[in-house]
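Reading through the structure tokens given below for one structure.
The values are calculated or read from the model by the stated rules, or taken from the named source; none is laboratory data. In this text the structure is predicted, and so the values were computed from the model without any measurement. Methodologically, a virtual Cβ is constructed for each residue, glycine included, from the backbone with ideal geometry; neighbour enumeration extends over all protein chains shown. Surface accessibility is based on the protein's heavy atoms, side chains included, excluding ligands, DNA and RNA. Shrake-Rupley method; radii C 1.70, N 1.55, O 1.52, S 1.80 Å.
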Amino acid sequence: ALRSLRGSPAALPPGGGGRPPAAMERAVVRCVPSEPKLSLRFVLPDGSARHMQRDQGEPLGRALARIATNAAKSHGKAGKKSKKARAEGGAEGEAAVPAVRLFSRDGAAVAEEVPNAAAWQDGAVLHIGDAQYRVERNPPALTELRLPRSLLAGFPVCPKVSAEFAAPQHCLFRWFREQRPAAGGDEAGEAWVETAAAERVFTPSNALVGLRLKLRCTPGDGEQRYGPAREVESSGPVEAGPGACTFDARHLYTKKVCGHGSVRTVSYNILADTYAQTEFSRTVLYPYCAPYALEIDYRQNLLKKELAGYSADLICLQEVDKSVFVDSLAPALDAFGLEGLFRIKEKQHEGLATFYRRDKFSLLSQHDIAFSEALVSEPLHKELCDQLAKYPLVQEKVLQRSSVLQVSVLQSTKDPSRKLCVANTHLYWHPKGGNIRLIQIAVAMSHIKHVACDLYPGIPVIFCGDFNSTPSSGTYSFISSGGIAEDHEDWVSNGEEERCSMSLSHPFKLLSACGEPAYTNYVGGFHGCLDYIFIDKNALEVEQVIPLPSHEEITTHQALPSVSHPSDHIALICDLKWK
């Protein structure tokens, strides 16, 4: 902190960036309208750091008087430390109060009755006796800088960067690698060698296997103001990657972001850590998967490379751990131009995430719901709720589920008349839960109808998710045909005692954009098509479907997940365009 206040070179961008001359000290002021106090940090001539909190509405004169008192006390303490100095100079100067003034950028003295919030402006100069300080109001500052725990050669390293009065895209990044010890050489002193990389995301080469990385980040605000740099070192060395992955061939189709008339859409259940890391998962569900490949740090490396390589405009993810979203996916995909939205399931630690490309879309509104809550509390679903009440066993099961629906309304940045209703969900999982899924999807379709027909009349719908329903199911039939009869076999999916018969309908004309692949989920005991991207066929058409990995690739390590594939599901990817 002391170094950063003393105008250290780290606080300057290459070339200086128009900052004050190094001779002048810095007085850093943090003043945020939503907070009652402002803070002021500076280093007195004797080297002692001062950090003051003052009311924003207080007259400047009082703050200057307190600075003068602090300076006098500090000077007095410094004097007491040296008996010799005191003997030579007596007590003189111990309590001398220095003159303290604040001058505006144009050199005029700031009146003492001006409130602190207005007085302490960027570029003003604070005089404490003979010392002068250049005021920096709300300079860019890093609040968090973190590297992932696991680093793999050939996989992007995306730091988590949080900043105040700065934005990651305006920060400066410098990457370093550990100096490899010379054979039989001296190990004294740790040396770092700067790499050629100066981007936010760094992909280590195989040559860096066995070496740790260091990142130096200087926060910037895009207006040539830079704050003090911070450094972070990786906790471990770069490790060898797995070689070929199942998504490598798919990336050949998605090297570039598609044009403004098209929307590349991805739907993917990424397998929550909360389910992958259990004893049951390791021994029963995925016994064929190497234990290290089930660990979240390893899988995140693969996931970030896979998702970044799709150059998508919309990504709908299911089974996203909250910590994975906050600490890993959101920072990584932000670096690739995507903004993320998260909706957690109330009883779980995982939920849904929707990402959209920010130079193509802006977010107009969000309309997320939990099915069970919406069903009983929203008038929209009253008729369905009343019908369900006739079947208390099924009603109880439906209301126990924590499944959610994420609905985001996006607007094209190029053509504001083009809006999209993007829905994302993960329906109840149980093989015999077809009746529960039918109720959930009925609530979903009513809610989407409310958004896309009532709130934003006529906007196209893209509905992604893990529907836990094969193409032969009632749920799939209902979505794609627009209705379901009360005698459909899925109403008795869990036996006669849990029969719940009703006819349902919705007004949309939806089509599965990626068709009906043989499977989108491939585990030891099951494979089938459970995931879909449904599109509004009146408004959208499919430009291309990115081929799924071959059966040979999927089964190289028996089933999914594996060392070369991070989930038990396969991502669906298609390019859509407005009709």
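Less than 14 Å Cβ to Cβ from Ala518, Lys/Arg counted +1 and Asp/Glu -1: what total charge do the surrounding residues give? The partial results should precede the final answer.
On the way: positive: none; negative: Glu516, Asp531, Glu552, Glu553.
Summing Lys/Arg as +1 and Asp/Glu as -1 gives -4.
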Q | Residues with amide H under 5 Å from that of Arg137, placed H, sequence gap 5 or more | A | Val29, Asp122, Gly123
Q: Rank Ser477, Pro33, Cys385 by how far each Cα sits towards the positive end of the charge dipole of the chain (+1 on Lys, Arg Cβ; -1 on Asp, Glu Cβ) and give me just the farthest.
A: Pro33
Q) the stretch 450-520 to the stretch 254-322: how many Å between their Cα centroids? A) 25 Å
Q: For Glu112, put the label point 7 Å out on the Cα→Cβ axis and report which residues of the stretch 35-76 keep their amide N under 14 Å from it.
A: 59-69
Q: Step through the residues of the stretch 127-139 one at a time and calculate ³J(HN,Hα) from phi using the Karplus curve (6.51 cos²θ - 1.76 cosθ + 1.60, θ = phi - 60°), rounding each to whole Hz and writing x for Gly and Pro.
A: 9, 10, x, 8, 7, 10, 10, 7, 6, 10, 8, 6, x
Q: Work out from phi, with θ = phi - 60° and the Karplus expression 6.51 cos²θ - 1.76 cosθ + 1.60, the ³J(HN,Hα) of each residue of the stretch 567-574, listed in order in whole Hz, and give x for Gly and Pro.
A: 9, 8, 10, 10, 5, 9, 9, 8
Q. Gln224 to Ser505: extension gain in nm, 0.36 nm per residue of separation minus the Cα-Cα distance?
A. 95.4 nm
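What pairs from Lys305/Lys419; Lys419/Lys579; Lys255/Lys419; Lys255/Lys360; Lys382/Lys449 go past 21 Å between their alpha carbons? Write down the numbers at each step before the final one.
On the way: Lys305/Lys419 29 Å; Lys419/Lys579 13 Å; Lys255/Lys419 26 Å; Lys255/Lys360 17 Å; Lys382/Lys449 15 Å.
Those over the limit are Lys305/Lys419; Lys255/Lys419.
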Q.
Can you give me the distance in nm between label points at Glu144 and Glu486, each placed 7 Å from the Cα along the Cα-to-Cβ direction?
A. 5.3 nm
Q: Taking the Cα centre of the chain as origin, sum charge times position over the Cβ atoms of Lys and Arg (+1) and Asp and Glu (-1), and report the length of that vector in debye to the nearest 20.
A: 2460 debye
Q) Tell me, in nm to one decimal, what length is gained between Leu393 and Arg62 on full extension, where the rule is 0.36 nm per residue of separation less the Cα-Cα distance? A) 112.1 nm
Q: Specify which residue in the list Leu302, Ser412, Thr195 is farthest towards the positive end of the charge dipole of the chain, using unit charges on the beta carbon of Lys, Arg (+1) and Asp, Glu (-1), about the Cα centre.
A: Thr195
(Q) Can you find, among Val523, Phe42, Val324, the residue sitting farthest towards the positive end of the charge dipole of the chain, where Lys and Arg contribute +1 and Asp and Glu -1 at Cβ? (A) Phe42
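Would you work out what percent of the accessible area of the stretch 247-578, with all protein chains in place, is carbon or sulfur (probe 1.4 Å)? Display every interim value, and only then the final one.
Numbers: 6470 of 12590 Å².
In the stretch 247-578, the share of accessible area belonging to carbon and sulfur is 51 percent.
To the nearest 500 deg cm²/dmol, what mean residue ellipticity at 222 nm is calculated for the chain from DSSP H runs of n ≥ 4 alone, each contributing -39,500 (n - 2.57), summed and divided by the residues?
Values: 15 runs with 120 residues, N = 579.
That comes out to -5500 deg cm²/dmol.
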Q) Once fully extended, how much extra length lies between Glu378 and Val97, figured as 0.36 nm per residue of separation less the alpha-carbon to alpha-carbon distance? A) 94.4 nm
Q.
Taking only Cα atoms of the stretch 366-487, what ratio of Rg to Rh do you get with Rh as the Kirkwood inverse-distance radius?
A. 0.98
Q: Quick one: go through the stretch 540-579 and flag any residue whose amide nitrogen is under 18 Å from the point 7 Å out along the Cα-to-Cβ line of Ala244.
A: 547-560, 562-566
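Given the chain, what percent of its DSSP beta bridges are antiparallel, to the nearest 5?
Details: 93 of 111 bridges.
Roughly 85 percent of the beta bridges in the chain run antiparallel, per DSSP.
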Q.
Using only alpha-carbon positions, what ratio does the radius of gyration of the stretch 247-578 give when scaled by 2.2 N^0.38 Å?
A. 0.95
Q) Using a simple charge model, +1 on the beta-carbon of Lys and Arg, -1 on the beta-carbon of Asp and Glu, nothing else, what dipole does the stretch 247-578 show about its Cα centre, in debye to the nearest 20? A) 820 debye
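For the chain, state the average projected area of the convex hull of the C-alpha atoms over all orientations, rounded to one decimal in nm².
Working: hull surface 140.9 nm².
The number I arrive at for the chain is 35.2 nm².
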Q) Once you list every other residue whose beta carbon is under 13 Å from the beta carbon of Leu455, what net charge do they have if Lys and Arg are +1 and Asp and Glu are -1? A) +1
